[in-house]
Amino acid sequence: MSEHFRIAIVGAGMAGASLAAELSDTDSVLLLEAEERPGYHATGRSAAFWTESYGGPLIQPLTTASGRFLRDGGFLRNRGALTLARADQEVGLEDFVHRFATAGVQIEWTDRHRAAEMVPGLDKQWAFGAFEPDCSDIDVAALHAHYLKLGKEQGVALHCRSQLVAAERTERGWTIETAAGEQFTCEILVNAAGAWADKVADLCGLPRIGVEPYRRTMVQLAVNPAPADELPLTFDLDGSFYFKPEHGSLWLSPHDETTSEPCDAAPEEMDVAVAIDRLEQAVNWTVDRVEHRWAGLRSFAPDRLPVYGFDPEDKAFFWFAGQGGFGIQTAPAAARLGSQLLRNSGRDAMTMGLTPDLYSPARFR
Ligand SMILES: Cc1cc2nc3c(=O)[nH]c(=O)nc-3n(C[C@H](O)[C@H](O)[C@H](O)COP(=O)(O)OP(=O)(O)OC[C@H]3O[C@@H](n4cnc5c(N)ncnc54)[C@H](O)[C@@H]3O)c2cc1C
């Protein structure tokens, strides 16, 4: 006979692991992961920052709501973020500061002098900046491990190398099969498959939402002078690069977004070259060596907001996908909200300020 769970979650990245931990205090949970280990895809490839202005004003409440849990749990290390603008972008930067300041985010207008103190060697083109003192590095591996450990203690059955390959709807839920030849039954199937979210909907015979994976490139550089540890996470207002220090090296991204099939993403030489060129135009540092390069997939729904909730056509199928470029910094509040929606229970202090309808899959049907 197949083993039965109330809830089966597909995907053990940050999304699936955090939701499994939130649910398993009362529910029996199966967590299926296609790869040999959890966190191999987007979760293991992030730039590891928590920044309230990142992802836009409708993502900010999820990021802010996650902040206290992350800080109290010791997962954040303060860094600060600086967004740079040229003289002709003054109005755009004012707008950016105003938008987040009115939402309660601590964000300060900064003149060129102060920006250049924070980023020594800053090119003359940068006339202004916006500084977010609360921006922090996230210990992604520790956060992911925390959720996996809590889940394990509460009885989550994690099966790696167990790609979901078939799902049949039954009167009481689902009968599911994995590539390892296992068969399980469950009442509710949760789609936390990241870049594969639409493929999981296909397997279950449900309409796709249009969750598109986009490749993002990161490079680790040896630069001269070596970046100080207190260098802020530095963006430009146009969104064409960001960089931050990492143990004496520099992490840099060209902020690329190239559509991709769901896959084991790898960096393209051209994107690495573009990243370095943009850095060399932004500051007067020299790049001595590319130490490491990698890429990962950030998956977005058509409106770039996440998708949390029951499918409108099937209340035994729950979407937990489309976490884009903010799936780590929003994970605690998203998982708490996801568990409350799944259980149809009330909101708590962490999720009180959120508007779940914004993230409901019903908005696409
Ligand atoms: C370069 C880069 C930088 C980023 N920087 C940040 C950042 O600084 N801050 C931030 O908050 N976010 C950042 N992100 C975004 C963040 O990494 C993602 O939003 C988050 O990791 C998504 O988690 P996930 O669990 O949905 O996806 P994933 O980690 O990709 O997990 C999905 C899992 O589902 C599994 N799966 C798929 N199909 C099946 C199946 N049929 N059966 C079983 N398992 C299946 C996959 O193997 C995978 O492990 C970044 C992303 C990238 C790529």
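The values are calculated or read from the model by the stated rules, or taken from the named source; none is laboratory data. Quick caveat: nothing in here was measured; it's all calculated off a predicted structure. With ideal geometry, Cβ positions are generated from the backbone for all residues, glycine too; neighbour counts draw on all protein chains shown. All accessible areas refer to the heavy atoms of the entire protein, side chains included, with ligands and DNA or RNA removed. Shrake-Rupley method; radii C 1.70, N 1.55, O 1.52, S 1.80 Å.
Here are a few things to note about the model shown:
- Protection-proxy order for peptides 144-151, 28-35, 109-116, 321-328, each taking the mean of Cβ atoms within 10 Å per residue, highest first: 321-328, 28-35, 144-151, 109-116
- Annotation for the stretch 260-318 versus the stretch 12-64: alpha-carbon center distance of 16 Å.
- Residue-level accessible surface for residue 285, protein heavy atoms, 1.4 Å, Å²: 20 Å²
- Sequence-distant residues sharing a close amide H with residue 293 (under 5 Å, placed H): 220
- Other residues whose C-beta falls under 12 angstrom from the C-beta of residue 97 contribute a net charge of -4, scoring Lys and Arg +1 and Asp and Glu -1.
- Taking amide H atoms as placed 1.01 Å from N in the peptide plane, the amide H of residue 242 lies under 5 Å from those of 253, 255, each 5 or more residues away in sequence or on another chain.
- Across 280, 269, the residue with the most accessible area heads the list, and the full order at a 1.4 Å probe is 269, 280.
- Straightening the chain between residue 125 and residue 109 buys 4.1 nm, computed as 0.36 nm per residue apart minus the Cα-Cα spacing.
- Radius 15 Å from Cβ of residue 111, net charge of other residues (Lys, Arg +1; Asp, Glu -1): 0
- FRET efficiency for residue 175 and residue 348, using Cβ-Cβ distance with R0 set to 41 Å, rounded to 0.05: 0.75
- Contact order normalised by residue count of the stretch 55-164, Cα under 8 Å, 6+ apart, percent: 34 percent
- Along the stretch 11-20 the Karplus relation, 6.51 cos²θ - 1.76 cosθ + 1.60 evaluated at θ = phi - 60°, assigns HN-Hα couplings of x, 10, x, 4, 5, x, 5, 5, 5, 4 Hz to successive residues, with x for each Gly and Pro.
- Full extension of the chain segment joining residue 183 with residue 37 gains 50.6 nm, where the gain is 0.36 nm per residue of separation less the Cα-Cα distance.
- Karplus (6.51, -1.76, 1.60) ³J(HN,Hα), θ = phi - 60°, over the stretch 181-188, in Hz, Gly and Pro reported as x: x, 7, 10, 9, 10, 8, 7, 10
- Rounded accessible area per residue of the stretch 1-110, 1.4 Å, Å²: 41 Å²
- Local electrostatic count, residue 200, Cβ distance below 12 Å [Lys/Arg +1, Asp/Glu -1]: -1
- Heavy-atom accessible surface of the chain: percent carbon and sulfur, 1.4 Å: 49 percent
- Relative contact order %, the chain, counting alpha carbon pairs below 8 Å whose residues are six or more apart: 23 percent
- Gyration tensor verdict on the chain (Cα atoms; rounded if a/c is under 1.5, prolate if a/b is larger than b/c, oblate otherwise): prolate
- FRET efficiency for the pair residue 357 and residue 25, taken as 1/(1 + (r/R0)^6) with r the Cβ-Cβ distance and R0 = 25 Å, rounds to 0.45.
- Anisotropy class of the stretch 198-274 from Cα gyration tensor, a/c 1.5 cut: prolate
- Backbone HN-Hα couplings from phi across the stretch 244-258 [Karplus 6.51/-1.76/1.60, Hz, Gly and Pro as x]: 7, x, 8, 6, x, 9, 10, 9, 9, 10, x, 6, 6, 9, 10
- Here the stretch 205-233 is scanned for amide nitrogen atoms under 18 Å from the site 7 Å beyond the Cα of residue 284 along Cα-to-Cβ, giving 223-228.
- About its Cα centre, the dipole of the chain is roughly 600 debye, where the only charges are +1 on Lys and Arg Cβ and -1 on Asp and Glu Cβ.
- Where the Cα pairs of the stretch 229-271 fall when distances are cut into 5 Å bins, in %: 5, 17, 24, 19, 19, 12, 4, 1
- Beta bridges per DSSP with both ends in the chain, % antiparallel, nearest 5: 75 percent
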